[in-house]
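Data block below; observations after.
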């Protein structure tokens, strides 16, 4: 009796499975995730609502090293664009796209040149730069 039941169950399983199977060639299936889903049969299971993950760990960066004579400890930068950059170290420097130029900053009231050791810098515009160290804040209003 068991010898007759197993082939019967296997036959029913094959018939039910063929009703739900795709008619596409199983050897060369349609890859609907690379081509529009309407080019293949309706039984494709491509979920087009999920974005294809992109590789965000591989980037090709090109670094350019600049040196500023007399500076060995740059501590801050404000980048306006590729031809206008401000950096701070012992002095305030501005890059004009070709050369680094030292900007002499005078103390208000005394007229002495101010040095910026260990200051960090941020800017709101090329003529509105802020330098900070500990509890000291310096505001540069340039031209």
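What the table shows:
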read-out	value
Matching residues, segment 108-143, being over 17 Å from residue 76 (Cα atoms) and assigned to a strand (DSSP E or B)	113
Subset of segment 69-90 [surrounded by 19 or more Cβ atoms within 10 Å (Cβ to Cβ) and assigned to a loop (DSSP other than H, G, I, E, B)]	89
Positions within segment 74-124 being more than 21 Å from residue 64 (Cβ to Cβ), without any contact (Cβ under 8 Å) to a residue 12 or more places away in the chain and under 25 Å from the mean Cα position of the chain (by Cα), in sequence order	124
Some residue of segment 60-79 being under 16 Å from residue 127 (Cβ atoms), out of contact with any helix residue (DSSP H, G or I) (no Cβ under 7 Å at 6 or more places or on another chain) and at pLDDT 90 or above	yes
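The values are calculated or read from the model by the stated rules, or taken from the named source; none is laboratory data. The structure presented is a predicted model; accordingly, all values stated were derived computationally and were not measured. Methodologically, a virtual Cβ is constructed for each residue, glycine included, from the backbone with ideal geometry; neighbour enumeration extends over all protein chains shown.
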